[in-house]
Amino acid sequence: MKAMLAAVVLLLATAACGADEPGAADDGATLTLWTRAATESVSKAYADTYNAGHRNKIEVTAYPNEEYPAKLASAAGAKSLPDLFAADVVFAPQYAAQGLWADVSDQFKSLPFKDSVAPSHVRAGTWEGHNYAVPHTIDLSVLLYNKDLYTKAGLDPEKPPRTLREFAEHARKIDQLGGDVNGTYFGGNCGGCVEFTLWPSVWAAGGEVLDDDGRSARVDSPEMAEVFALYRELYDQGAASPASKGEAGPTWLGALQGGKVGIAPGPSVWLDAIEEKGVKTGIAPIPGINGGESTFVGGDAIGIGATSSKAQQAWDFLAWTMSDEAQVEVIAKRKGVPVRTDLASNKYSSADPRLVTANGLVAKGKTPYARNFNATFNDPQGPWLTTVRGALFGNASAALLAGNEAITKSLRQE
Amino acid sequence: MRRRAISGALYVTPAAVLVGLFFVVPLLLVGWMSLHRWPLLGKPRFSAPANYTAIGGNALLSDAAWFTLKYTVLITVLLFALAFGLALLVQNRRPGVGFFRTAFFLPMAVGFASASLLFLGLLSEEIGPVPLSGDSPALGSAVLLVLWRFAGFNMLILLTGLQAIPLDVYEAARIDGATRWQMFSRITVPLMRPTIALVLTMMITGSLLAFDQFWILTRGGPDNSTTSLVMVIYREAFVRLDLGSAAGISVVLLAGLAVVSSLQFAVLRRRTA
């Protein structure tokens, strides 16, 4: 009894010492974390596991996807950013350039596994050589196909297309099943959806959409034109659902969950959501016109709010989210893609070969980098959506030529 | 006398403080911001008149200005005709008229954003009972929403104007043998002039500042065909994160609104004075 009491006293003393140590990283601070609705479940899973094993407490607040950037901007203007906030990884260069995240270069460089943290995400969170954000979740664009419709159309459900032309053939064949079945589906009124799903085909063919600094567009390249032409043909022939033209994003997942679409490019994280509705789904890499494969490495990056006074505690959480424990027991366990390339094959992924396909793509894919990415490509009023609409439903060559100029101008706007 | 002046000043102080705090100060701040390159965090840098000269080169803005003008004309004509028509219908006390007055005014009790979401749901191809497909209904659905939501409110204002006209004026006209049309055009309209001026000013400023309905219903699409001026200001501030540029456009829009409103009052008030 006496020994136990002594042990308890000793334990309390050590704990107290730990807390007294100036600026201890896990000192029981309460940290606020903001995220968008699309990422909420992952952020909460990280937070719950972290909270269970640490004295710090992470409180997650999620905002609707469309309203989230405005929420962040007004919080920054009022100098009341949360301690931590995640954002769509393509927005990261802009937030880093605007100084919305605190500089974490030194802490990041001291991580033992820093070289295997998803390189394209790390680059997105870098501005003028300094690190401001680290990967939070990874979402890849892949081909999602309906295995039952494949069988019905006389196609082999274990042989997904290896080229984009083959993808179009499969889509046409499935479309011939008739009724309310459509060959394919895409977000034709959604800039973000189109860049996420069409750019990998350009990359797979060796083309580029943006230069390295994100200051010049190359959407007038033959590779981009070929990809647009293929989707345009599918739409004109009726093999793509007529709703593709008006799809602005919100009902995209619903269309795939309906089980009436043969094969469509989309986010890898939707696999579970689609199968939950009883649609047997296969995954394949997005190919180029004549072969090759690539992916858009999307998802969210996370950093420490520049106005936070708890930067040290916040980094304790960030470093933990990238640890083996978090990446395997939180991310891989819920069928997510680990943010570390050295954990691509783990005890959970080996159980589902589709996950190995997805995880293996991270190294082949890209995350485009541009400070003005959101204003140029994702915002519905940006020049990219006008270009996309022209290329798919209007005068294609004129749209790509004029679009390239408008996009470059927007990318360079100070 | 002096005491009266002091107590008078005290009476207006609360209102003056409120107006100063929530109107004059923000207005001056917007003017000040428009002269600077103003990032979200960090120090603003003086850059006048860059935010104003950039307005000329903003193609999206000129398209939006043109669309907003067209929308304003459309809404003002339709909404005024509808509201005035409703007001004339329910002008006189008759059995059951209270029910119709309430029914016409009721949509006003629904918040504008909620009403927009309601229409979005009603017209959705996926879940709506009245699905509209294709591109054309974007502007039409927004106009329908605004008419439904605001006709009753404008009817109420016009109704108070109608009821302020003394009945003996109509009686005298009737004795003199005036037709219904003559009574409407020679008595009702001239005596309603101040009320009409008020309603038209509210409709025009409201339409020039349109945002919610397009933001929620159409997101400015398809192909930027329903992007209003305020949506461009929003884009400058919250997408491009350039608060100075947003402030510059706001100042120009404010000046435009002030000109339109003063012209309107000058024209509509001329003959009543």
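The values are calculated or read from the model by the stated rules, or taken from the named source; none is laboratory data. Quick caveat, the model's predicted, so the values are computed rather than measured. All Cβ positions, glycine included, derive from the backbone under ideal geometry; neighbour counts span all protein chains shown.
Summary table below
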item: Identity of the residue in region A:358-389, of a type in the set (A, V, I, L, M, F, W, C) and closer than 17 Å to residue B:241 by Cβ, that ends up farthest from the other protein chains (Cβ to nearest Cβ); result: A:370
item: Within region A:74-93, considering residues that are among the small types (Gly, Ala, Ser) and within 23 Å of residue A:330 (Cα to Cα), the one farthest from the other protein chains (Cβ to nearest Cβ); result: A:86
item: Selection from region B:219-232 of residues that are more than 9 Å from chain A (Cβ to nearest Cβ) and either among the charged types (D, E, K, R) or buried (at least 22 other Cβ atoms within 10 Å of the Cβ) (or both); result: B:226, B:228, B:229
item: Scope region A:173-204; condition assigned to a loop (DSSP other than H, G, I, E, B) and either over 25 Å from the mean Cα position of the chain (by Cα) or under 22 Å from residue A:222 (Cβ atoms) (or both); matching residues; result: A:176, A:177, A:178, A:179, A:180, A:181, A:183, A:186, A:188
item: Residues (without any contact (Cβ under 8 Å) to a residue 60 or more places away in the chain and not in a helix (DSSP H, G or I)) located in region B:1-48; result: B:1, B:41, B:42, B:43, B:45, B:46, B:48
item: Residue list for region A:390-400, filter: over 20 Å from residue A:375 (Cα atoms) and either away from chain B (no Cβ under 11 Å) or among the hydrophobic types (A, V, I, L, M, F, W, C) (or both); result: A:392, A:393, A:395, A:396, A:397, A:398
item: Residue, nearest to residue A:314 (Cα to Cα), within region A:26-73, restricted to residues that are within 14 Å of chain B (Cβ to nearest Cβ) and among the charged types (D, E, K, R); result: A:71
item: Odd one out for residue A:403 among (1) touching a residue at least 60 places away in the same chain (Cβ under 8 Å); (2) more than 14 Å from chain B (Cβ to nearest Cβ); (3) over 20 Å from residue A:91 (Cα atoms); (4) surrounded by 20 or more Cβ atoms within 10 Å (Cβ to Cβ); result: (2)
item: Enumerated helices (runs of 4 or more DSSP H) restricted to region A:86-134, each holding at least 3 residues that are within 19 Å of the chain's Cα centre (by Cα); result: A:92-97, A:119-124
item: Matching residues in region A:266-275 - criterion: being surrounded by 21 or more Cβ atoms within 10 Å (Cβ to Cβ) and more than 21 Å from residue A:151 (Cβ to Cβ); result: A:267, A:268, A:269
item: One residue from A:137, A:151 being hydroxyl-bearing (Ser, Thr, Tyr) and either part of a strand (DSSP E or B) or farther than 30 Å from residue A:257 by Cβ (or both); result: A:137
item: Hey, residue A:97 within 23 Å of residue B:243 (Cα to Cα) and either away from chain B (no Cβ under 13 Å) or not hydrophobic (A, V, I, L, M, F, W, C) (or both) or not; result: no
item: Filter result for the condition that a residue is of a type in the set (Ser, Thr, Tyr) and either part of a loop (DSSP other than H, G, I, E, B) or crowded, with 18+ Cβ neighbours inside 10 Å (or both), over B:68, B:53; result: B:68
item: Selected residue (only one of B:211, B:265 is within 14 Å of chain A (Cβ to nearest Cβ) and surrounded by fewer than 17 Cβ atoms within 10 Å (Cβ to Cβ)); result: B:211
item: Residue in region B:89-99 that is surrounded by 12 or more Cβ atoms within 10 Å (Cβ to Cβ) and among the small types (Gly, Ala, Ser) present; result: no
item: Enumeration of residues in region A:218-242 that are away from chain B (no Cβ under 14 Å) and not in a helix (DSSP H, G or I); result: A:218, A:219, A:220, A:221, A:237, A:238, A:239, A:240
item: Helices (runs of 4 or more DSSP H) wholly inside region B:134-227 that include at least 2 residues being of a type outside the set (S, T, N, Q) and in contact with a Lys or Arg (Cβ under 9 Å, 6 or more places away or on another chain); result: B:137-163, B:189-208
item: Region A:161-172 - residue that is part of a helix (DSSP H, G or I) and touching a residue at least 24 places away in the same chain (Cβ under 8 Å) and, of those, surrounded by the most Cβ atoms within 10 Å (Cβ to Cβ); result: A:167
item: Only listed residue being modelled with pLDDT of 95 or more and surrounded by fewer than 15 Cβ atoms within 10 Å (Cβ to Cβ), chosen from A:80, A:43, A:74, A:105; result: A:105
item: Test: residue in region A:84-93 that is touching a Lys or Arg at 6+ places or on another chain (Cβ under 7 Å) and within 30 Å of residue B:29 (Cα to Cα); result: yes
item: Cross-chain or 6+ apart pairs with Cβ under 9 Å, region A:372-394 first and without any contact (Cβ under 8 Å) to a residue 12 or more places away in the chain, then among the aliphatic types (A, V, I, L, M); result: A:381/A:375; A:381/B:60; A:381/B:64; A:381/B:231; A:381/B:232; A:381/B:239
item: Residue match in region B:238-260 (condition: crowded, with 18+ Cβ neighbours inside 10 Å, part of a loop (DSSP other than H, G, I, E, B), at negative phi and not β-branched (Val, Ile, Thr)); result: yes
item: Residue, farthest from the other protein chains (Cβ to nearest Cβ), within region A:243-255, restricted to residues that are touching a residue at least 12 places away in the same chain (Cβ under 8 Å) and small (Gly, Ala, Ser); result: A:244
